[in-house]
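The values are calculated or read from the model by the stated rules, or taken from the named source; none is laboratory data. Bear in mind that the values here come from a model prediction, so they are computed numbers and not experimental data. Positions of Cβ are backbone-derived with ideal geometry, glycine not excepted, and every protein chain shown enters the neighbour counts. Calculation scope for accessible area: heavy atoms of the full protein, side chains included, ligands and nucleic acids excluded. Shrake-Rupley method; radii C 1.70, N 1.55, O 1.52, S 1.80 Å.
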Amino acid sequence: MPDRLRESARLWEHNARADPLWAVLAASDKNGRRWDPLEFFKTGERDVADILAYLEQRGARPRAGRALDFGCGVGRLTQALAKHIARVDGVDVSATMIELARGYDRTGRCQFTVNTAPDLRIFDDGSFDLVLSILVLQHIPPPFDLAYLRELGRVVAPGGTLFFQAPHQRRVAPKARRAARLRRLARRLLRREGVQLAMYALPQEAARDALAAAGLELIEARPDVWAGDDWESFSYLARRPL
Ligand SMILES: C[S@@+](CC[C@H](N)C(=O)[O-])C[C@H]1O[C@@H](n2cnc3c(N)ncnc32)[C@H](O)[C@@H]1O
């Protein structure tokens, strides 16, 4: 594994042990293991329902065969997908996240796998009717984010759908917000504990090129709020032609 990717994987293993649910969904009032798991997994059901409704609206609702949730964490979206799709693979770089995901799974239709390779060679070309990745590529350092994106495209089946989110660029932070962020960072570094999140931009032009290189047609890139106030983020919907 390349050094930069290994460092990022190490950080996620640390996060998975420190406060796994908050590392996945950093709601301000849930820091310090205060997520109620039931409430937490409900957010996954809402997100998946919204995403599937959007795909339907765009004529890109996938067949109910097989889906991939890349960067699945504790299976928040994986389990929710399994209510609509026969078999769902959740893949994550953190062994602890995957162990937790297996423990939380109530569907019996999710297959969870640790993948520390800088690619998805564990899956054949065109394996999935739906490939989903939310809140993940933003945490993977370049150029590995783009390499994974090309891999996400590669494993989409003919007629299948890819839906993912990535921050295009950082917004220029007003002074007060920048100062608050620096204070937070200093506190975290001094304690050397708690969840540590690194964020990276994946510019829209590069995302479009990666999709084209993987043979996918971009249907829409629409602004979203996944990456928080400091980032201009987009959700991408793409399909592999039949
Ligand atoms: C913020 S969490 C989001 C989890 C999930 N997508 C969700 O929305 O519930 C980011 C996840 O990406 C995983 N991750 C980070 N780098 C990864 C990589 N190179 N390959 C696979 N997963 C990765 C982390 O371990 C973590 O579980």
Item to complete: Starting from 0 in steps of 10 Å, tell me what percent of the Cα-Cα pairs of the chain lands in each bin.
Response: 7, 32, 39, 18, 3, 0
Practice prompt. Please give the per residue accessible area of the chain, computed with a probe of 1.4 Å over protein heavy atoms only, in Å².
Written response: 48
Worksheet item: Which of the lysines could a cross-linker span from Lys83 if the Cα-Cα distance has to be under 21 Å and same-chain partners fewer than 8 positions apart are dropped?
Response: Lys42
Discussion item. Is the C-alpha gyration tensor of the range 1-127 telling us rounded, prolate or oblate? Criteria: a/c under 1.5 is rounded; beyond that, a/b larger than b/c is prolate, otherwise oblate.
Written reply: oblate
Item to complete: Please give the solvent-accessible surface of Thr78 in Å², to the nearest 10, using a probe radius of 1.4 Å with every protein chain present.
Response: 0
Response to the item:
The answer for Asp224, listing residues at least 5 apart or on another chain whose modeled amide H is closer than 5 Å to its amide H, is Ser233, Phe234, Ser235
Response to the item:
The base-10 log of I(q)/I(0) that the Debye equation returns for the range 3-73 at q = 0.18 Å⁻¹, one scatterer per C-alpha, is -0.87
Practice prompt. May I ask what percent, to the nearest 5, of DSSP beta bridges between residues of the chain are antiparallel?
Written response: 45
Response to the item:
Residue separation between Ala95 and Ile122 times 0.36 nm, minus their alpha-carbon distance, gives in nm 8.1 nm
Worksheet item: Taking one equal scatterer on every alpha-carbon of the range 85-219, how large is log10 of I(q)/I(0) by Debye at q = 0.13, 0.15, 0.18 1/Å?
Response: -0.69, -0.87, -1.11
Fill in: Dipole of the chain, positive direction: furthest Cα of Gly75, Ala86, Gly108, with charges on the beta-carbon
Gly75
